[in-house]
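> Have a look at this one before I ask anything.
The values are calculated or read from the model by the stated rules, or taken from the named source; none is laboratory data. Keep in mind that this is a model prediction, so the values were computed, not measured. Using ideal geometry, Cβ is built from the backbone for each residue, glycine included, and neighbour counts are taken over all protein chains shown.
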Amino acid sequence: MEKTLQLAMEAKDYIVEMRRYFHSHPEASEHEINTCRKVCEELEKMGLEPKVVCASNTGVMCEIKGKGPGKTIALRADMDALSVQELNDVPYRSTTDGLMHACGHDAHTATLLGAAKILTACRNDFNGTVRLLFQPAEETAYGAKAMVEAGCLDGVDATMGTHVNSGMKAGTFSVEAGPRLAAANWFKYRFVGKPGHGALPHQGIDAGLAACAGALDLQHLVSREFPADKALVITIGRIEAGTRFNVIAAAATLEGTVRCFDPEIFKAVPGAMERVLRGVADAYRCELVVEKAEAVTMPCYNPEKSSARGKATVLKLFGEEGIGFSPAQMGGEDYSFMMDRIPDSLYVSVGTANPEKGTDEPHHSGRFNVDEDALPGASAVYAQYAIDYLNE
Ligand code: NI
């Protein structure tokens, strides 16, 4: 058995204890004060010197130096919880009503602490530096950007981040090359018309009708303007117009999100949407105001090189049994901002599904849970991947 996995198994009680602590004390995005304090305390107990970073003061950066000089790799975990009511009846259930670690970020924080334990015990086995990044606010896509702005990636040559996956078998790890998670944007367009009596529409300018036409015409972009072999979703999740049943709507808003894997398409879509909506606004005698069209996440894409390295790491630790498969998904992940900054990056999906234990419930559900037996393996993958990279 590899030394990292041996150490991970020895640290299992610690990793599970940490995971349960974070699980029972969830904190909302940008409010991870107690989580941050606990992480710092644990790292200090290992003889490390963590630094609190980000404007929210809820990010932690901490370095572990190897035996000699070398490259630097950053290992990233997120720490925030979600506004979800926990429905699990477990001794470590959330102690805060309406707030829960329903996406497994408690497991990420705990397994990165486990990796810190392993790596401090393996300092003589690598050259260079491992930088641990405990980021706040993934759910609001604030954290990764804030960590980058705080300089957490300065001097970093490679990064690796993980996310538990309740749709994939516990004990397996997906490190496939190519698209993993989608780029997402958040748009808000406003049509401005002119109010009038509902009985005399010709005296006003109906922004509501223009918005309806705009909502329909945007879907033509998906079917007629962008290539059919490249996944693209345009969703309008909110339409708002008018004030009263017998008054012509003077204003109407379309709000939604774009999802796709291809960075070039992601860049091109907002311009195309604006062109279509301007045309519609023009045809209906309205003004168009672009209130928002901003990237929430970038595409999360594993390059061939880091994917191959990750596969070798998983094979070394667990053999073929450890290799999992997870299809690309339209969900977003703000770790993509770190991947965008440091091209040699790897997103690892960590299987935690075990139907016998009920840990195959969907993410963001009040019944979400992880198979804790899979957590030491995740710590070992963090540590071993860093060592493999630094010794390349
Ligand atoms: Ni998540």
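> Would you confirm, using the coordinates I've provided, whether residue 121 is among the small types (Gly, Ala, Ser) and in contact with a strand residue (DSSP E or B) (Cβ under 6 Å, 6 or more places away or on another chain)?
Answer is no for this residue.
> Another question about this same structure. Please state which one of 39, 130, 90, 84 is in a loop (DSSP other than H, G, I, E, B) and away from the ligand (no atom under 16 Å from the Cβ).
Among 39, 130, 90, 84, only 90 is in a loop (DSSP other than H, G, I, E, B) and away from the ligand (no atom under 16 Å from the Cβ).
> In addition: Looking at region 246-275, which of its residues are hydrophobic (A, V, I, L, M, F, W, C), surrounded by fewer than 18 Cβ atoms within 10 Å (Cβ to Cβ) and in contact with a Gly (Cβ under 7 Å, 6 or more places away or on another chain)?
247
> Further, regarding this structure: Within the set of pairs 6 or more residues apart or between chains, which connect a residue that is on the phi > 0 side of the Ramachandran plot and in the same structural domain as residue 102 (by TED's automatic domain parsing) inside region 138-165 to a residue that is in a strand (DSSP E or B) and of a type outside the set (Phe, Trp, Tyr) with Cβ atoms less than 6 Å apart?
Partner pairs satisfying both residue conditions: 141/296; 141/297; 155/72.
Here is a yes/no grid of residues against (1) touching a residue at least 60 places away in the same chain (Cβ under 8 Å); (2) closer than 24 Å to residue 182 by Cβ; (3) not assigned by TED's automatic domain parsing to the domain that holds residue 354:
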position: 285; (1), (2), (3): yes, no, yes
position: 290; (1), (2), (3): yes, yes, yes
position: 304; (1), (2), (3): yes, yes, no
position: 317; (1), (2), (3): yes, no, no
position: 320; (1), (2), (3): no, no, no
position: 326; (1), (2), (3): yes, yes, no
position: 329; (1), (2), (3): yes, yes, no
position: 334; (1), (2), (3): yes, yes, no
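> Tally time: how many residues in region 260-319 are touching a Leu at 6+ places or on another chain (Cβ under 6 Å) and hydroxyl-bearing (Ser, Thr, Tyr)?
Total satisfying the criteria: 1.
> Name the single residue that is surrounded by the fewest Cβ atoms within 10 Å (Cβ to Cβ) among those in region 280-299 being touching a helix residue (DSSP H, G or I) at 6+ places or on another chain (Cβ under 8 Å) and in a helix (DSSP H, G or I).
Across region 280-299, the extreme among qualifying residues is 283.
> Looking at (1) under 20 Å from residue 215 (Cβ atoms); (2) among the polar types (S, T, N, Q); (3) modelled with pLDDT under 95, can you tell me which one residue 253 breaks?
Among (1) under 20 Å from residue 215 (Cβ atoms); (2) among the polar types (S, T, N, Q); (3) modelled with pLDDT under 95, residue 253 violates only (3).
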